[in-house]
């Protein structure tokens, strides 16, 4: 029984990771090439729902706060605009920034 629960939790974490990748980069897992495409789509939708609910829970929690530059995790996305503008020039008009 515990083995089954472990597989479900690990599967949910992988689905949430794929959801976060999609939201951050716009890249999706190419599941249409597999015969189980419908099941994979449902699995990815499950990850989307879990990821969204987790974000809502984190935003309401007092255990989390916004990242500061002094935290030591590198620059915050909002402070990297100069580098982004420079990087966009190499892609020309084909570059699309995803939020």
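Since every read-out is calculated from the coordinates, none of them should be taken as a lab result. A quick note: this is a predicted structure, and the numbers were derived from the prediction, not measured. Here Cβ is always computed from backbone atoms with ideal geometry, including for glycine, and neighbour counts include all displayed protein chains.
Assorted remarks:
- Relative contact order (percent, whole number), region 8-64, Cα cutoff 8 Å, 6+ residue spacing: 43
- Spin-label model, residue 46 to residue 71: label points 7 Å out along the Cα-to-beta-carbon direction sit 3.0 nm apart.
- Equivalent-ellipsoid semi-axes for region 8-64 (Cα gyration tensor, √(5λ), whole Å, largest first): 24, 12, 8.
- Sorting 28, 40, 5 by the number of Cβ atoms found within 10 Å of their own Cβ, with the fewest placed first, yields 5, 28, 40.
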